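> Below are the structure tokens for one structure; questions will follow.
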Amino acid sequence: MTAQPPVKLHEHVAKRVHVLMQRSGIPYEMEQQVCTSCRRILDEKPVKRAAA
């Protein structure tokens, strides 16, 4: 057996981005907080309904 190196943990550094998404066929502008290094979505909230 070979020893595996320990997994490095990192602290998430959030960056706020705005994206357009569809929920139930309705377009929304969403504000997401995404980690800059691992691209994981940390938080998401609808900002407003987008024009169709």
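The values are calculated or read from the model by the stated rules, or taken from the named source; none is laboratory data. Predicted, not measured: the structure shown is a model, and the values here were computed from it. Neighbour counts are summed over all protein chains in view; Cβ atoms, including those assigned to glycine, are modelled from backbone coordinates with ideal geometry. Heavy atoms of the whole protein, side chains included, go into the accessibility calculation; ligands, DNA and RNA do not. Shrake-Rupley method; radii C 1.70, N 1.55, O 1.52, S 1.80 Å.
> Read through the labelled values (1) 0.93; (2) 1.28; (3) 1.04 and report the label of the one computed as Rg/Rh (Cα atoms, Kirkwood Rh) from the structure.
Read-out from the structure maps to (2).
> Another question about this same structure. Please go through the chain and write out the trypsin sites (Lys or Arg not before Pro) that DSSP classes as loop and that have at most 12 other C-beta atoms within 10 Å. Intermediate values should be presented prior to the final figure.
Values: sites: K8, K15, R16, R23, R39, R40, K48, R49; in loops: K8, R39, R40.
Answer by residue number: K8, R39, R40.
> 5 Å is the cut-off here: which amide hydrogens, built 1.01 Å from N in the peptide plane, fall below it relative to A50, excluding neighbours closer than 5 in sequence?
It is Y28, E29, by chain and number.
> Here's something else I'd like to know. Under 19 Å from a point 7 Å along the Cα-to-Cβ line of R49: which residues of the range 17-33 have their amide N that close?
Counting backbone N atoms under 19 Å from the label point, the list is 19-31.
> If I compute solvent accessible area with a 1.4 Å probe over the protein chains, what percent of it on the chain is carbon and sulfur? List each step's numbers first, then the result.
Values: 2530 of 4830 Å².
Taking all protein chains in place, the chain shows 52 percent carbon and sulfur surface.
> Continuing with the same structure: Could you pull out the GluC sites (Glu not before Pro) across the chain that fall in loop regions by DSSP (anything but H, G, I, E, B) with no more than 12 other Cβ atoms inside 10 Å?
Details: sites: E11, E29, E31, E44; in loops: E11.
Passing sites in the chain are E11.
> If I model a spin label as a point 7 Å beyond the Cα along the Cα-Cβ vector, how far apart are those points for T2 and S37 in nm?
Here the answer is 2.4 nm between the modelled labels.
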